Amino acid sequence: MDNIDVMVLKALRDWRSAGQRALLATVVRTWGSSPRPVGSMMALREDGRAIGSVSGGCIEDDLIARYTQALNRNAGIPDGPPQLARYGVSADEAHRFGLPCGGTLELLLEFNPDAASLQDLVQQLEGGSLVQRAVDCGNGHVALTPTQQPGTLEFDGHTLTNHLGPGYRMLLIGAGALAEYLATMALFNGFTVTVCDPREEYMGSWAVPQVRKVSDMPDDAVTAFKPDARSCIVALTHDPKLDDLALLEALHSSAFYVGAIGSRRNNQSRRERMKEHFGETEASLALLRGPIGLYIGSKTPAEIAVSVMAEILAVKNGVSLPQIMSVETAKQEHDVAMNEASTQCAVAQMLEPAAAAPKP
C-alpha cells in the first residue's frame with residue numbers, strides 16, 4: 001500500500017468526522033492502457049477539494065464537475081449505495097479524458113462513507129496492520145477484517161475486496177549525505193523512512209524532516225524495525241562494524257530489498273567475512289545486493305541516490321532488470337573496454353616509429 005493511499009483515507013476520515021459530505025473513488029477495473037493502476041484511490045469533498053488520483057487529471061475534473069459545487073453550484077454528493085463510473089469507452093471519450101489510446105477504466109464511487117469505519121481502518125493501518133476492506137455495492141456496507149497475507153484487489157460487480165496496508169518502509173543505516181538524498185527520494189515515493197546511526201557527529205547534522213531517527217546499534221535497530229515484505233534495509237556507512245551485523249539481521253527477515261553501498265572489492269570482502277565468521281553461504285547471501293544501484297555513471301551523492309532508489313523501486317514493482325544494468329556487470333564491461341582501448345593504443349604507439357622511419 002502506498003503512502004498516498006493512507007493520506008487519502010485519513011483526509012476522508014477527517015472530512016466525514018467533521019460532518020462534511022465526500023466520496024471515495026477507487027479504480028476497480030482497467031482495459032488496455034490506463035494512467036493509474038487498479039486500486040488507486042481519490043477522496044473528493046463537496047466543496048471541490050480532492051486528494052489522491054485516479055487518472056492524469058481529466059477524470060478528476062469530471063468528478064469535481066459532477067459531484068461538487070466548485071464548478072457546478074447545483075451539484076452535490078448524494079447519499080445512497082455505491083455507483084460505477086466508466087471512462088474511455090469510445091475513442092472520443094478516451095481523448096476527452098486524456099486516456100491512452102484504447103484505455104478504459106472503471107471506478108467505484110462510495111458516497112459519504114461511514115466516519116467510524118474510516119477511523120477504525122486508519123487506526124489499524126497506522127498500527128502497521130494489514131486489513132481486508134470489503135464493500136457491498138448493494139447497500140454500501142463495509143466490513144474490515146484483519147489478515148496476514150496481502151492480496152490483489154478483487155471486484156465481481158457486487159463486492160469490492162481490497163487489501164490495505166501496511167505501507168512501504170525504508171531503514172537506512174548511516175546518516176551521511178547519501179542517506180539524506182535517498183531518504184528524500186523515498187519520501188517522495190511514499191515510503192516511511194527511518195535512519196539509524198549511533199555516531200553523534202552524523203546524526204546531529206541530519207536535516208531531512210519526516211524521517212524517524214534512532215541511535216541504536218544497527219543490528220538492534222533492524223530487530224526493532226521488524227522488517228516485513230514491504231520493507232527495505234540499506235546500509236550506507238562503509239563501516240563493517242556498523243553495516244555487517246545489520247545486514248546479517250536483515251537478510252534473515254522478510255524484507256524485499258537488502259543492500260549495501262561500496263565498491264566491487266568491498267562487496268566481495270563483505271561476503272567473505274560473512275561466510276568465514278558468521279557461517280553464511282552463497283545461498284544465504286543470494287538476496288544481499290551490492291554494489292547497490294543501477295549503473296548510470298553516477299558520481300555525486302545525489303546521482304548515486306537516484307541509482308539506488310531506481311533499483312529499489314524496480315524490485316518493489318517486480319521488474320526484472322537486465323544484468324548489464326547492475327553496477328558490478330556494467331563496471332566489469334567498462335573495465336574490459338578500457339583495457340582493450342589501452343592495449344590498442346599501446347600497439348599503435350609501438351607501430352608508429354616503424355611506420356614513420358625513413359626508407360634506406
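The values are calculated or read from the model by the stated rules, or taken from the named source; none is laboratory data. This structure is a prediction, so every number in the text was calculated from the model and none was measured. Here Cβ is always computed from backbone atoms with ideal geometry, including for glycine, and neighbour counts include all displayed protein chains. What goes into the accessible areas is simple: the full protein's heavy atoms, side chains included, and nothing from ligands, DNA or RNA. Shrake-Rupley method; radii C 1.70, N 1.55, O 1.52, S 1.80 Å.
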inquiry  = Which of the numbered conditions does ARG169 fail, given that it passes all the others? Conditions: (1) surrounded by 22 or more Cβ atoms within 10 Å (Cβ to Cβ); (2) touching a Cys at 6+ places or on another chain (Cβ under 9 Å); (3) over 22 Å from SER129 (Cα atoms).
reply    = (3)
query = Does THR300 meet the test of being more than 23 Å from the chain's Cα centre (by Cα) and open to solvent by 20 Å² or more (accessible area, probe 1.4 Å)?
reply = no
message = Every residue in region 42-67 that is outside any loop (DSSP other than H, G, I, E, B) and hydrophobic (A, V, I, L, M, F, W, C), please.
response = MET42, ALA43, LEU44, ALA50, ILE51, CYS58, ILE59, LEU63, ILE64, ALA65
query = Which condition breaks for VAL234 when tested against (1) within 16 Å of GLU328 (Cβ to Cβ); (2) of a type outside the set (Gly, Ala, Ser); (3) open to solvent by less than 20 Å² (accessible area, probe 1.4 Å)?
reply = (1)
key: Residues that are acidic (Asp, Glu) and open to solvent by 50 Å² or more (accessible area, probe 1.4 Å), drawn from region 109-137   = ASP114, ASP120, GLU126, ASP136
request  = Among the residues of region 261-279, write down those that are crowded, with 19+ Cβ neighbours inside 10 Å, in a loop (DSSP other than H, G, I, E, B) and without any contact (Cβ under 8 Å) to a residue 40 or more places away in the chain.
outcome  = GLY262
task = State all residues of region 157-184 that are closer than 26 Å to LEU245 by Cβ and not in a strand (DSSP E or B); if no residue qualifies, say none.
result = PRO166, TYR168, GLY174, ALA175, GLY176, ALA177, LEU178, ALA179, GLU180, TYR181, LEU182, ALA183
query = Going by the conditions given, is ALA70 assigned to a loop (DSSP other than H, G, I, E, B), on the phi < 0 side of the Ramachandran plot and buried (at least 16 other Cβ atoms within 10 Å of the Cβ)?
reply = yes
note = Among the residues of region 185-226, the number that are outside any loop (DSSP other than H, G, I, E, B), open to solvent by 30 Å² or more (accessible area, probe 1.4 Å) and within 14 Å of ALA246 (Cα to Cα) is 4
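So that you can scan it fast, the table gives a plain yes or no per residue for (1) at pLDDT 95 or above; (2) of a type outside the set (Gly, Ala, Ser); (3) under 25 Å from GLU154 (Cα atoms); (4) touching a Phe, Trp or Tyr at 6+ places or on another chain (Cβ under 6 Å):
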residue	(1), (2), (3), (4)
ARG13	yes, yes, yes, no
ARG21	yes, yes, no, no
LEU24	yes, yes, yes, no
GLY32	no, no, yes, no
SER40	no, no, yes, no
ASN74	no, yes, no, no
LEU109	yes, yes, yes, no
key: Residue list for region 211-268, filter: more than 26 Å from SER326 (Cα to Cα) and small (Gly, Ala, Ser)   = SER215, ALA221, ALA224
note = Per the filter on region 1-54, residues in contact with a helix residue (DSSP H, G or I) (Cβ under 6 Å, 6 or more places away or on another chain), farther than 24 Å from ARG73 by Cβ and open to solvent by 40 Å² or more (accessible area, probe 1.4 Å) are LYS10, SER17
